[in-house]
Every structure is written in C-alpha cells, then in structure tokens.
1. Per DSSP helix of 4 or more residues, -39500 (n - 2.57); summed, then divided by the residues of chain B. What does that give at 222 nm, rounded to the nearest 500?
2. In square angstrom, what is the accessible area per residue of the range A:242-305 with a 1.4 angstrom probe?
3. Which helices pass in chain B if a helix is a full DSSP H run, must span at least 24 angstrom along its long axis by Cα, and must have mean Kyte-Doolittle hydropathy not below -1.0?
4. Other chains' Cβ within 10 Å of A:73-81 residues: what's the mean?
5. Using alpha carbon centroids, what distance separates the range A:88-117 and the range A:28-47, in Å?
6. In whole Å and largest first, what semi-axes does the C-alpha gyration tensor of the range B:176-247 yield when each eigenvalue is scaled by 5 and square-rooted?
7. Along each of its three principal axes, how wide is the spread of alpha-carbon positions in the range B:1-53, in whole angstrom units, largest first?
8. How large, in percent, is the carbon and sulfur part of the accessible surface of the range B:55-194 at a probe radius of 1.4 Å?
Amino acid sequence: MIEFEQVTKRFGSWTAVDAVSFTVAEGEFRVLIGPSGSGKSTVLRMINRLIPADEGAIRIDGEDIASLKPEELRRRMGYVIQSVGLFPHWTVERNIATVPGLLGWPKARIRDRVTELLELLNLDPRRYRGAYPHQLSGGQQQRVGVARALAAEPRILLMDEPFSALDPITRASLQTELSAIHRRTGTTVVFVTHDMDEALRLGDRIAVMDHGRLIQCATPLDILTRPASPLVRDLVGREEWGLKRLAVETVGDRARRQESVTGEPLAAETPLHRALSEMVARGTERLPVVDGDGRPAGVLHLSDLVRPTSGGVVPGGTA
Amino acid sequence: MHNRVALLMVLAAAVAAMALPFLGFAPNRLLSGRPVPLWAAVQGLGGAAALLPGLVLLATPFLRPTRAGIGLTVAAGGLFTAGLVWLAGAQAAALAQGASAAARTSFASGFWVMAAAGLLTAIDAARRLGLGAIGRMAVGGAVAALVALQLASGHLDALSILKEYANRREIFADAVLRHATLVVAALVPTLLIGIPLGVAAHRVQAVGRAVFPVLNVVQTVPSIALFGLLMAPLAALGAMLPGTGISGVGPLPAVIALTLYSLLPIVRNTAVGLDGVPAPVREAARGMGLTPRQIFLRVDLPLALPVFLSGLRITVVQAVGLAAVAALIGAGGLGAIMFQGLFANALDLVLLGAVPVILLAVAADALLSIGIAAATHSIGVLPGKSAP
C-alpha cells in the first residue's frame, strides 16, 4: 500500500506538487494522468525518492520512505521510463539481471528468472538472452525494460509513460501484456500517462492531476460519467465518448443471464465496444455470452448497450 | 584503372625512381654527397629481386578491386618498402669497400619518396580491405619486422645513420629511455589532475567554463615559449630552495610544460565522454537502486572509455613529439641527438634522433587505437546511432 499525506514539492518558486494526499491499495493498478507540468511524473518519482518531498509524508506499507536508504527502497520497486534506458554495453540478460545481481541472488536463480521473464514478455530466450539493446526494435527494448523492472519480483511497479514512444500496434500489445502480468502477479502498479484511452483501458482507478493538485481520483466509469471538473471532461474528450463509455464495461456486466440464443459466443470479459462492433459485423442485435469456463452466461441485446439493465452490474464508483 | 590514390602513389614512385637520387655518397659527413641513382644501386640478382615488388606495385592500380587484388597491393607495397631498405644497405656496403672510414652513404630524396609511396599504398589498401586497427597494425608490424631483421643481421651497418648510431650506442639507448621517461613522467600528473578535472567539468558547468579557456590558451602557446616562460620562476624557486634540485633547466620544467599541454585533451575528452552517456541510462540506473559509485563504475566509465582513450591517444602522441623540443632546455631525450645533428649540420644524426621519435609516436598511436577499438566494441553501438 502506498500512502501520500499532504505531500508538497517545490522547484524554486514553482510548486510542482501541492499538498497531495491519496492511497494506492495493495495490488491496484493506479494511473496518474494530467497535462504536461501537472506534477504526475513528480509524484511518481517521489515514490522511489528520485525526487525528495519537501513537505508531508509518503508511506509504503505504513513505513515512511524517508527513513529508508534510497537505494534499498528503489531495489524493492520496478521502474520503467519512456526512453527505456537499457545499458547499451550489457546484454539483454545482464540488463534484466541488474537488480537481482545487486540483491545478491545466486547465479542459477538469476538465470532461471531471466528465462522466465523473457518468456513472460514474449521474447524467445534463446534468441534474445545474449543480444545487445541496439540489436532490438523499440518495442523489444521496452519489453526488456519491463522485464528488467520485474526481475526482482517487486511488489510495486512504477511506470513513467512507458509506451508513449511506441507505435500504436506495439503499444496495444504491450498494454494487453501488462494487464495480464498485473492480473497474474498482483503487483501494485503506478502508471503515468497523458493518454486517456490508455488510462481508461489499464487503470483500476485513475488519478487526474492539474497544476500540482489532485483533481479527481475515481474508477474509469466514474471518470467518464461523473467528471469532477471541466478539465477531466476535456481530457476524456467529446469525440467517441460513447465508445469509451462502452469500453470500460464488459459483456458480462450487461448480459441477460436467463436467456439463450444460438451463434458464435462472446467471452464475458469482452469490452462492450467490441460487442457493438461484433453486432454490426454480424448484422445481429443479440449475441450469446459464455463465461471464463465456456459455459453459457446469457445474451447481450443491442438495447442493453444503450441503457444498463437490472442484470448488469455497474462496478463500484466511489470517488 | 580502379584506384586513383594508388595510381598517384605509383606515379610518384616511378618518377622518383628515374629522376631523383636514391642515395647520397660523401667522403665525410660534413660534405654534401654525390647522388647515386636507383639504377646504379641495383646490382646482380639480389638487387633485381628486391625491386620485384615494385614492378607488381606498378600494376596494382589497374587490378580489379577484388580481395585478392587488394591483398596483393598490401603485400607489394610493404615488400617494396622493405626491399628499398635492403637495396640501400647492399649499395652502402658496396660503396664502403675501398672508401675511407669517414665516408658516408645516406638516404636521398628518391628513397624517401619511394618508401613513403610504398607504405602509403600498403596502408591505403589495408584500409580498403576492411582491416581493423589490429589488422593495419599487423601490416605495419610486418614491414617493421622485415627492416628490423636487416638491422639485426648487420646488413644496414654501412649506412650513415647506423654509423652515427655505432658512435653513440650508449647515448642513444639513454636518450630513448630518457624520452620515454619524460613522456611517462608527464602522463602521471596529467591523468591524476586531468581525470578529476574532466569529471568536475562534466558535473559542474562552471568548472568547465573556467578550465577550458585556460587550457585552450596553454595549447596555443608555442612549446619553446612555454619552456622559456617556465625557466624564470623555476630558477627563482630553485634559488630559494637550495638542495631540492629545482632548476630552470632540465627535466623538471620539461615535465611541467608537457603536463600543461597534455591536460587539455584529457580533461576535454573525459568531460565529453561523460557528457555522451545517455541521460535515460543514468536515470534508469538510479531508479533501479545503483549507488552513485556503482553508476560511475558500471555505467559512466565503460560508456565514456572510447572517447577518453582517443583523448589519451592525442595526449601521448603529442607528448612524444613535444618531448623532443624539451632537449632545448636540457631535458635530454631523443631531441638532444636531433639538435646535436642540426647544429653539426649532420643530417644523419638528425635522423637518428627523429626516426625513433616517429616510431615511438606511431607505436603509441597504434596501441591506443587497438584499445579504442576494443572499448568501442565492448559497448556495442550507442542508442540512436543504429536503426533497430
């Protein structure tokens, strides 16, 4: 658990972070979003003390980070940045092994861990273990960057616009993989971005910042449906609002459980905008739904997309 | 015709072979000699064989640029140069028979032009062959070995430069040692002061702004002037502290001046090398929990090493050359032999001092080039320089 209590950071006369308080729960995927200069990156870099706080307290699992040695604190967290920052003179394996090496893991365990991580990030260990960073594409470099951050099994992963420099296809696949890794490992993630679509897609909760202040901290659904300020509404944008709205809920949330219909079924965790696309493609207004085990889980009607039914569960929206 | 550079070299060598004197023969070292053309120096089968690579070299600009053709050019250029030396040695020995012991046979302009053309053609071809620093050094080393073999066998003993050497065997060895000592003695303080200063200039902009103008000015002061400038204060200091051996002339002012000259490339390249380490790499290192010391040793140092080594290369080559001038203020070294020759109007004595200076500089340059190549290879290609 990460707690910020009245944290302030000034650079000269400019207040980058202004009396910010929030809590990130254990295992949560928290996105920090805001315009340039809103203080989101500063907040992130205060968590691993790359930037020291001027006022207030930052606690991790109840422990004030000011009482820890910065290097020890950082070795307990993964850190991924937009420009990756792989060591150009080290192989992929040695890059990934950096923090385990600092922590003094045995060689065999490091080697196994590198193999495991390369497989997790869809990089063939036999091919990429001994490669140098300059031999990799941008997307592959960031995969290694994520693997390196996860190497010592950190309970907290800090990511500063990690996918912003990648092409849309690579970005989408890394987003999907990151979601899967987060679900599997239960790591707490703090993720900075300026891209609202990315925030809506990845975040359990989204914290919107502006001028060093926290404007709103809420679930993607609440950010869309109950924006706390005009800035939040602008960040979401009017364009394709309806599709974004659909994207934050799944087929399982809206399906009519008791009904059944024939046809190729959709998985319950499919986002609703994909279901809409599927209906248009198939020329139908009703789609069968199956749960994670492939058992029938009801039927989704076109009208359900427009207005939630009693059968749909709206995720808890406490701001 | 496939190669203009080689053609130019071959033409120069051909003109020199026909129009310029190959050797000069004088009754003693003070008189200017009568010219000995190349055709007069070629005697018997051995002489003709020594020139055979030259005939091959004549054809090389017209060879197709295949690996075999370029390889042949490398071999022909190198062997031609070594053959010229052999020919000079043989002719000198022939001329020495029946002449007085004071007679001198020296290299003349034709020899220098042809030898230079042969070497340059070989080096140019080695580069076109794609040989790295080590490969090019091997080519140079092979030519040097062929000449060294002739030296060791006594084949060249009748040449004037070796007669000068025979008269000064011990002085020569001392001079080489002294020369190298001067360079090393200047390098130690240069590195001890220069590296920390370079690191400081990288970390604090104000340090760089203060240091670089001063070092730049020092570089522009002519060496003799700098030696002269140091004489007065050091002489005064020596007078104040008798018994310390401090004096305005001798090795001390030479080492101080060499150090002052050597600082700029070391400080500048240390700073530039560190400036070149990508900021995200350092940021990631810090974010992963490397200590400042670990970041310096594991990230900054290896990534800045190639640039630092090229600064060291400039420094060493420059110091080897400048140390020769230091003989003027009584620091000794190979410069002393050169100046002795200049003042006595004995050109071969000048050569006896100058050739080892050149060889020292070339050897230092080659060794450091290999170091730079190895350091560059070990860090791969820096991000941004290569497409993924």
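The values are calculated or read from the model by the stated rules, or taken from the named source; none is laboratory data. Treat the numbers as computed from the prediction; the structure is a model and nothing was measured. Counting neighbours? That spans all protein chains shown, and the Cβs are built from the backbone with ideal geometry, glycine included. Ligands, DNA and RNA are excluded from the accessible area calculation, which covers all protein heavy atoms including side chains. Shrake-Rupley method; radii C 1.70, N 1.55, O 1.52, S 1.80 Å.
1. Details: 16 runs with 289 residues, N = 388.
Rounded to the nearest 500, the figure is -25000 deg cm²/dmol.
2. Per-residue accessible area for the range A:242-305 comes out at 53 Å².
3. The answer, listed by residue number, is B:67-96, B:109-128, B:133-153, B:169-203, B:223-240, B:251-275, B:301-325, B:347-378.
4. Per-residue shielding by partner chains comes out at 3.
5. Here the two parts' Cα centres lie 29 Å apart.
6. Value: 27, 17, 14 Å, ordered largest first.
7. Taking the Cα atoms of the range B:1-53, the three principal extents are 46, 26, 14 Å.
8. Values: 4670 of 6590 Å².
Solvent-exposed carbon and sulfur of the range B:55-194 make up 71 percent of the total.
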